[in-house]
Amino acid sequence: MATRTRPSGASKSVAGPRRQATAQAGHPTADPDPAEMLALYRQMVLVRRFEERAARAYTQAQVGGYCHLNLGEEATVVGLMAALEPTDYLFTNYREHGYALGKGISPGRVMAELYGRQDGVSHGWGGSMHMFDARARLLGGYGIVGGQLPPATGAALAIDYRDGTEIVMCLMGDGTTNIGAFHESLNLAALWDLPIVYVIVNNQLGMGTTVEMASAEPELHRRAASYRMAAERVDGNDPLAVRDAARRAVSCARDRRPFLLEAVSGRLKGHSVVDPAKYRSADDTLAVRSADPVTAFAARLRELGHLDEETEASIDTAALQEVSEAVAFAEQSPHPEVSTLFDHTYATAVPNDSRRLPGAPLFPPLPTAAPSNVTGGRR
Amino acid sequence: MTSMTYREAIRQTLRSEMNRDNDVLLLGEEIGVFEGSYKITQGLLAEFGPKRVRDTPIAEEGFTGAAVGAAMLGLRPVVEIMTINFSLLALDQIVNHAAKIYGMFGGQTSVPLVIRTPGGGGQQLGATHSQNIELYYAFVPGMKVVAPSTPADAKALLTAAIRDNDPVLFLENLALYNTRGEVPDGEIEIEIGRAAVTRPGRDLTLIGYSRTAAVAARIAEELSTSAGLDIEVIDLRSLRPLDRPTLVESVRRTGCAVVVEDDWLTYGIGAEIAATISDGAFDHLDAPVRRVAMAEVPLPYAKSLETAALPSDADLVEAIHQTLDAVAHRRLPQGPRP
Ligand SMILES: Cc1ncc(C[n+]2csc(CCOP(=O)(O)OP(=O)(O)O)c2C)c(N)n1
Ligand SMILES: [Mg+2]
């Protein structure tokens, strides 16, 4: 084996220290524990309230660009995140505010990113679609549909290369299963036995295009068969079912068997904040609303006797409080200094990197000619 | 110094960087068992094993993107894309991901990735296999693009590219693989972002990169012998960042410039150079900046047509003479022509 004689200048990588491989056994499915259920519920309410507040900030023009919300996907969000170890890596698409919270990033830093402020998770460089936090191992929200799949696959390759015990979870929407990167990535992962779980967050719509309109095999999890990859479909409105399925998938991936998990839920609002979703039928809208995962889980908890009216109200108050603190944090965070504009073009500085602002000349302007009475000279 | 081909220089550099750093691994189509479509990776699978010399399926977007992700976790993947034409399949991963991830996430993770790929033309490979589209990548902030023209530069720039923490497109050229040159022994690195004056001169600045830099150097020598011309040759070496000061400083001395490029003229690399010279050496110019570039057609297969479409030695010599004629006329005592 080759030995390292002179290390390359350390790259700014997100990988932690290497560990010895200790393959873990599969997680047993836990009995629903009241405290754990309440914790999941709290998180679902936090995501719900956070997203509603984000929408409001957007309509108040505090948030720019595109803004896609997890409204209706709260059970999937918290179920998936409950299955990850803190050292596991997460790649998502642009609909990722809830996942950032679920990965343990403070709501204030997520909100500050929406506000485009210095203290945002991506320091104001990413916005709603591009949240990244090296410490939380959220390796990015990605705005290009399917763009996260090959890098996520490569992150799993790096883990395998170093005999690590972490896994990668890579999220995508239902519409993403039709893009070439989906096929190329799943094929690579299966071919190379990579520690990765691909999750299709099936909210049954692309922007307005339904799964049936876009996918010749609308049971999306079945596509895994093309790669001889294990797969499962789960009710994405049930946080416990999602958590347990995700744990099975994660444990599979830790054993170097990639997994395709599909969680079926619904989108409560438009594709993004500005979309009134007029293309949806009244029936459809009603069906999604009546399947609202937050309401449904609250009802289930009440039935089981784990939640009374008072606790429900206090959970909601606490979430609202946390969200308004997040807004306060975002509002007080400074706008990034213009002097930092050129700080992130290159990680390794090189000569002749352009630091020119739009109106500046490439070279110092020529000395102006002496003013003349007859011709020339700008007046 | 050791005499070796451009191909051998690349291979030896890959080998020594892999020996130096366990985080360096190779990915690409047919690079292992088949030993590379152009045999650059010959012997490396046997030496380093399949973990570090990884044959991939034909999936440019997938494996280039996977290299991006591996680089985010600190590996130093060197991807071979069989020819630059096929890099278009990976365009999204290169432009929208490799080049964006460092900045878009606020500098939290770098992408130390090298993409090696040859350009070309003149091999009767037809329109889809003969393009020189390095410009697509040189256009993008966040990318670095280098284009060596000699075996020694190939070694020094590939070393620099592998040790750099940003995505670097390392442009090779089919026509250069068998060219031979003296290569310094031991470690050498060239700073990315600097051009080289490979031949000093006073009469005219001749600018090229990759294959055309080698052509420029040869033509300058020939014209020195045959016509007594003293031509300064600049090898760009780095297309992004572009070393503007070196170009401008030279033209301020010579007063004229010819660019020779294997890409198409309109919006090409030469257009950027001409604009740069007009910005920085306007008062020193005694003739328009002349560009010699590929005819604006999808490159045909038939030899007669292909030859006509590609920049030839004669085209370049003619452009040099015409430029020097224009300069001479302008410098006549009676001043510029009406
Ligand atoms: C490559 C690409 N094509 C098109 C778009 C525009 N676009 C953004 S989101 C979207 C729908 C994606 O649907 P899905 O994968 O189901 O994710 P969801 O929004 O439902 O979470 C489209 C077409 C894009 N961002 N990237
Ligand atoms: Mg969808």
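Given a Förster distance of 51 Å, report the FRET efficiency between B:Q42 and A:E331 from their Cβ-Cβ distance, rounded to the nearest 0.05. Could you put the intermediate results ahead of the total?
Working: r = 61 Å, r/R0 = 1.19.
The value I calculate is 0.25.
Would you mind putting B:135-144, A:208-217, A:221-230 in packing order, based on average other-beta-carbon counts within 10 Å, highest first?
Final packing ranking: B:135-144, A:221-230, A:208-217.
Label A:M207 and A:R135 with points 7 Å out from Cα along Cα→Cβ: what is the distance between them in nm?
3.7
Please give the FRET efficiency for B:L305 paired with B:R253, using the beta carbon to beta carbon distance and R0 = 45 Å, rounded to the nearest 0.05. Write down the numbers at each step before the final one.
Working: r = 39 Å, r/R0 = 0.88.
Given R0 = 45 Å and the Cβ-Cβ separation, E is 0.70.
Taking a cut-off of 22 Å between Cα atoms, list the lysines near A:K278, but don't count ones fewer than 8 places away on the same chain.
Excluding near neighbours in sequence, the set is A:K269.
Using the basic label-point model (7 angstrom from Cα toward the beta carbon), what is the A:D193 to A:K278 distance in nanometres?
According to this spin-label approximation, the distance is 5.6 nm.
Hey, with R₀ at 25 Å, roughly what FRET efficiency would B:D230 and B:T2 work out to, going by the Cβ-Cβ distance, to 0.05?
Values: r = 31 Å, r/R0 = 1.26.
E(calc), rounded to 0.05, equals 0.20.
Tilt of helix B:211-227 relative to the longest C-alpha principal axis of chain B, in degrees (0 to 90, nearest 10)?
It works out to around 30 degrees.
Mind giving me the nanometre distance, one decimal, between the label points for B:V197 and A:T87, set 7 Å out from Cα along Cα→Cβ?
A separation of 5.6 nm, rounded to one decimal place.
Shielding of A:144-150 by partners, i.e. mean partner chain Cβ atoms within 10 Å per residue? Let's see the in-between values first.
Working: counts 6, 1, 3, 8, 3, 6, 15.
Taking the mean over all residues of the peptide, I get 6.
How fast does chain B diffuse by Stokes-Einstein, in µm²/s, taking the Kirkwood radius from C-alpha pairs at 37 °C and 0.692 mPa s?
Details: Rh = 20.6 Å.
D, rounded to a whole number, is 159 µm²/s.
Sorting B:H97, A:H306, A:H68 on the 10 Å Cβ count, fewest up front, what's the list? Show your work: numbers first, answer last.
On the way: B:H97 28, A:H306 16, A:H68 25.
So the residues, fewest neighbours to most, are A:H306, A:H68, B:H97.
Pull up the DSSP beta bridges for chain A and report the antiparallel fraction as a percent, rounded to 5. Mind showing how you got there, number by number?
On the way: 2 of 26 bridges.
Of those bridges, close to 10 percent are antiparallel.
Please sort by residue number the chymotrypsin sites (Phe, Trp or Tyr not before Pro) in the stretch B:223-319 whose DSSP state is loop and whose Cβ has at most 16 other Cβ atoms within 10 Å. Let's see the in-between values first.
Numbers: sites: B:W264, B:Y267, B:F282, B:Y301; in loops: B:Y267, B:Y301.
Sites meeting the loop and neighbour criteria: B:Y267, B:Y301.
On C-alpha positions alone, give me the angle between the axis of helix B:244-254 and the longest principal axis of chain B, in degrees, nearest 10.
For B:244-254 against chain B, the angle is about 20 degrees.
How shielded is A:158-164 by partner chains, expressed as the average number of their Cβ atoms within 10 Å of its Cβ atoms? Walk me through the numbers before you get to the answer.
Details: counts 12, 2, 2, 11, 5, 0, 1.
Across A:158-164, the average partner-chain Cβ count within 10 Å equals 5.
Report the relative contact order of chain B, percent, no decimals, based on alpha-carbon pairs under 8 angstrom and at least 6 residues apart.
Values: 732 pairs, mean separation 50.7, N = 338.
It rounds to 15 percent for chain B.
Taking the Cα centroid of the stretch B:23-72 and of the stretch A:141-179, what is the distance between the two, rounded to the nearest whole Å?
19
If we sort A:245-251, A:120-126, B:241-247 on the protection proxy, mean other Cβ atoms within 10 Å, highest first, what's the order?
Going by the mean number of other Cβ atoms within 10 Å, highest first, we get A:120-126, A:245-251, B:241-247.
Quick one: what does P(r) look like for the protein assembly as shown with 10 Å bins over all Cα pairs, in whole %?
Histogramming the protein assembly as shown at 10 Å steps yields 3, 14, 22, 21, 17, 12, 7, 3, 1, 0, 0 percent.
Using only the alpha-carbon atoms, how far is helix A:149-161 inclined from the longest principal axis of chain A? Give it as 0 to 90 degrees, nearest 10.
80
Given the pairs A:K12/B:K39; B:K155/B:K303; B:K51/B:K155, which are separated by over 30 angstrom at their Cα positions? List each step's numbers first, then the result.
Details: A:K12/B:K39 33 Å; B:K155/B:K303 33 Å; B:K51/B:K155 24 Å.
In this structure, A:K12/B:K39; B:K155/B:K303 exceed 30 Å between Cα atoms.
If you count, for every residue in B:162-168, the Cβ atoms of partner chains within 10 Å of its Cβ, what is the mean?
Details: counts 1, 6, 7, 10, 7, 2, 2.
Going residue by residue through B:162-168 and averaging, the value is 5.
Rounded if a/c is under 1.5, else prolate if a/b is larger than b/c, else oblate: which is the stretch B:2-183, with a ≥ b ≥ c the root eigenvalues of its Cα gyration tensor? Walk me through the intermediate numbers first.
Working: a/c = 1.42, a/b = 1.19, b/c = 1.19.
It is rounded, given that a/c, with a ≥ b ≥ c, falls under 1.5.
Report the extension gain between A:S339 and A:A214 in nm, rounded to one decimal, defined as 0.36 nm multiplied by the number of residues separating them, less their alpha carbon distance.
Contour length minus the Cα-Cα distance gives 40.4 nm.
Readers should treat all values here as calculations from the given coordinates under stated rules, not as data from a laboratory. Quick caveat, the model's predicted, so the values are computed rather than measured. Because the Cβ atoms are built from the backbone with ideal geometry, glycine has one as well, and the counts that use them run over all protein chains shown.
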